[in-house]
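The block underneath contains the structure these notes are about, expressed in structure tokens.
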Amino acid sequence: MPATDDWGADIIATVRKYALQNAVEYNGKGQVGSVLGRLLSERADLRSRAKELKSLVMNEVDAANELADKEGVEAARTALSATNPEALSRQKQQKRIGLKPLPNAIKGAVILRFAPNPNGPLTLGHARGVAINSQYAEMYDGKIVLRFDDTDTKVKPPLPKAYSWIEKEFEWLSGKSADIIIRASDRMPVYLDYANQMISSGFGYVCRCSAAEFKKLRDSKTPCTCRNRLIEENLKDWDSMKNGGIEEGGAVVRVKTDLQLPNPALRDWPALRIQHTSHPMVGEQYKVWPLLDFQSAIEDYEQGVTHIIRGKDLMDSTRKQTLLYEHFGWNYPETLYWGRVKVHEFGSFSTSGMRSKIEDGKYSGWDDARLPTISALRRKGFDPAALRDFWIELGLTQKDISISMQTIESFNSSIIDKKCERRAFIRGAKTLHLDSSSFSVEPIMKVSVARHPDGSEIGNREWDMDDGSILIEENDLKNNKIRLKDFADIQISENKAIVESWEKTDKRQIVHWLPSSMAISATLTRNKGDSLVIEEGLIENFELNEGAVIQLERVGFARIESVQEDGKVNLLYLHG
């Protein structure tokens, strides 16, 4: 490890600058880690020697802290000013707002794509792709392609209704429809033509080896016997694949690559395979279907996609497709990656799994409140701007992160709180008779309560007191002195609510309440884990409009799902 004297004067001066700066900022309590971080930020060339530098940094930090301790922080400030006056006004790192710029992007020429599999509607995870791609398209006056990757007829067969669901959900999330909408299954002649070109040009071939046989050869970097056959032989087998003359699993079309590539997955990777299963949208017209890496690569080229944003788990797809582009003489799009995001409450859900459980009756449908689908979130009352804001703020980090649904809900609260009217919802209702005789000559007939506590929604809710009986929750009877929210301090004596003051006089519990004359029956359905819980109660009968999202006093946000003919109201819980 080098001694202090072994470091160059410029390095020592830089370390001393940051040590004094840190001592000034933290009143003589400078930290080695902070100083080392600032040093390596300025001198990236020293990062490989970080461990060696630690001794020098410790010495300089100790000296700077000692100076500040013995002679005062002003002495350290004076020393810093004498050598590096600009360091006295250190600019703290600004938090990035919005998405980072796209590399090599030309305004007006950017084309992005969002490519879901239509085996079900969109999920919370899909919202990330919609939000970020749409935002980039807006930033660069570009276009976004909505492409349905529906060329798997067996493992993830398309759901016919999902196409229209996804189009509507895309528009709901992004605020507008996609510029171009494509179904890959409608584009099969294009993919088959490119496959024919590939085989005819000699950089693709029909492989009749079994998967197990080929894996052994691939792992040993040995070519299979099919690889060097004549183009005419390959084309003959290609025709047999297309007309059904070869059984499923009997052949695949492979892209020729360097068998010495370090990554086995890139060696002669499969581009098309045989599937005789009928496709829900195009029937039995095709016997050969492209694998996603081939289909996606061809379609990105056809649509002129300039930037691809995908999960970092698809880096091998990028490498495969780049090799294919090199064969065709094309330039591959700029590619950006993001890491995996796990939402604690929805860790194990997949579209295929949800579809199976819906078909088995476990869930009522794709909009079941327990599911992480866009249709479920929309049904519960989420604002699309909240989902967009969350994903855009998270950005394109490649870190794998885990979050709670509460994080996303906080984004939603910040948007809807200022526009959601309040309503009272009483569970386990107990009736009390209001006694205000000490304060009123005549009984109180009406009470006026704000629609929104800070006036975001102008006006009041007018409550008819009728006979003066009121409802509060049974749990709130534990204290005999409480304050009825926005109304009065009361003392509870048997079944009476005796008014003690109209103004708040002490630190007593504030509870929500409701005149009996304003109460109608209601149910509140909320999901707890993988179960649905229905709470019976009474809700304030004031402008209850189906579809409206309201905030239930001391309960949380909820959406009014329906108001039945008998007046009963059904509510679906959104979040707290």
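Kindly establish whether Glu334 is surrounded by fewer than 18 Cβ atoms within 10 Å (Cβ to Cβ), at pLDDT 95 or above and either closer than 18 Å to Tyr136 by Cβ or aliphatic (A, V, I, L, M) (or both). It is true that Glu334 is surrounded by fewer than 18 Cβ atoms within 10 Å (Cβ to Cβ), at pLDDT 95 or above and either closer than 18 Å to Tyr136 by Cβ or aliphatic (A, V, I, L, M) (or both). When Lys242, Lys256, Lys236 are checked against the criterion of being within 30 Å of Glu284 (Cα to Cα) and touching a Phe, Trp or Tyr at 6+ places or on another chain (Cβ under 6 Å), a single residue qualifies: Lys256.
Given the criterion among the aliphatic types (A, V, I, L, M), outside the structural domain of Gly381 (by TED's automatic domain parsing) and not in a strand (DSSP E or B), identify the matching residue among Leu532, Leu544. Reasoning before the result, please.
Numbers: Leu532 fails: not in a strand (DSSP E or B).
The match here is Leu544.
What do you reckon, is Gln285 in a helix (DSSP H, G or I), of a type outside the set (Phe, Trp, Tyr) and closer than 21 Å to Pro160 by Cβ? Taking the combined requirement at face value, the residue does not satisfy it.
Just checking, does the stretch 307-323 include any residue being assigned to a loop (DSSP other than H, G, I, E, B) and not charged (D, E, K, R)? Looking for residues that are assigned to a loop (DSSP other than H, G, I, E, B) and not charged (D, E, K, R), one finds none in the stretch 307-323, hence no.
Thr153 meets the conditions (1) polar (S, T, N, Q); (2) in contact (Cβ under 8 Å) with a residue 40 or more places away in the chain; (3) under 22 Å from Thr373 (Cα atoms) in every case but one. The failed one is (3). When the stretch 431-445 is filtered for residues that are in contact with a strand residue (DSSP E or B) (Cβ under 6 Å, 6 or more places away or on another chain) and not aromatic (Phe, Trp, Tyr), the ones remaining, listed by number, are Thr431, Leu432, His433, Leu434, Asp435, Ser436. The single condition among (1) of a type in the set (Lys, Arg); (2) assigned to a helix (DSSP H, G or I); (3) touching a Leu at 6+ places or on another chain (Cβ under 9 Å); (4) under 30 Å from Gln31 (Cβ atoms) that Lys100 does not satisfy is (2).
One line per residue, one yes/no per condition, for (1) surrounded by 15 or more Cβ atoms within 10 Å (Cβ to Cβ); (2) more than 29 Å from the chain's Cα centre (by Cα); (3) under 30 Å from Phe390 (Cβ atoms):
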position: Ser404; (1), (2), (3): no, no, yes
position: Ala424; (1), (2), (3): yes, yes, no
position: Ser440; (1), (2), (3): no, yes, no
position: Pro443; (1), (2), (3): no, yes, no
position: Val447; (1), (2), (3): yes, yes, no
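Select from the stretch 548-576 the residues that are buried (at least 19 other Cβ atoms within 10 Å of the Cβ) and assigned to a loop (DSSP other than H, G, I, E, B) and list them in ascending order. It would help to see each step written out before you state the result.
Going through the stretch 548-576, the residues buried (at least 19 other Cβ atoms within 10 Å of the Cβ) turn out to be 549-553, 555, 557-560, 569, 571-574.
Within the stretch 548-576, Glu553, Val555 meet the criteria.
Among the candidates Asn545, Asn527, Asn541, the residue that is free of Cβ contacts under 8 Å to residues at least 60 places away in the same chain and either more than 39 Å from the chain's Cα centre (by Cα) or surrounded by 16 or more Cβ atoms within 10 Å (Cβ to Cβ) (or both) is uniquely Asn541.
From the list Asp193, Asp186, which one is free of Cβ contacts under 8 Å to residues at least 24 places away in the same chain, out of contact with any helix residue (DSSP H, G or I) (no Cβ under 7 Å at 6 or more places or on another chain) and within 26 Å of Met241 (Cα to Cα)? First the steps, then the outcome.
Details: Asp186 fails: free of Cβ contacts under 8 Å to residues at least 24 places away in the same chain.
Within the list Asp193, Asp186, the selection yields Asp193.
What are the residues in the stretch 520-576 that are among the acidic types (Asp, Glu) and touching a helix residue (DSSP H, G or I) at 6+ places or on another chain (Cβ under 9 Å), if any? Don't jump to the end; show me each part of the working.
Let us first name the residues in the stretch 520-576 that are among the acidic types (Asp, Glu), namely 530, 535-536, 540, 543, 546, 553, 561, 565-566.
Hits for the stretch 520-576 are Glu540, Glu561.
Ile520 meets each of the listed conditions (1) closer than 24 Å to Tyr363 by Cβ; (2) not in a loop (DSSP other than H, G, I, E, B) apart from (1).
Summed over the stretch 343-371, the residues that are over 18 Å from the mean Cα position of the chain (by Cα), crowded, with 18+ Cβ neighbours inside 10 Å and assigned to a loop (DSSP other than H, G, I, E, B) give a count of 3. All conditions in (1) in a strand (DSSP E or B); (2) touching a Ser or Thr at 6+ places or on another chain (Cβ under 7 Å) hold for Asn527, with the sole exception of (2).
The values are calculated or read from the model by the stated rules, or taken from the named source; none is laboratory data. Everything quoted here is computed from the prediction, not taken from an experiment. When we count neighbours, we look across all protein chains shown, and the Cβ atoms used for this are built from the backbone with ideal geometry, even at glycine.
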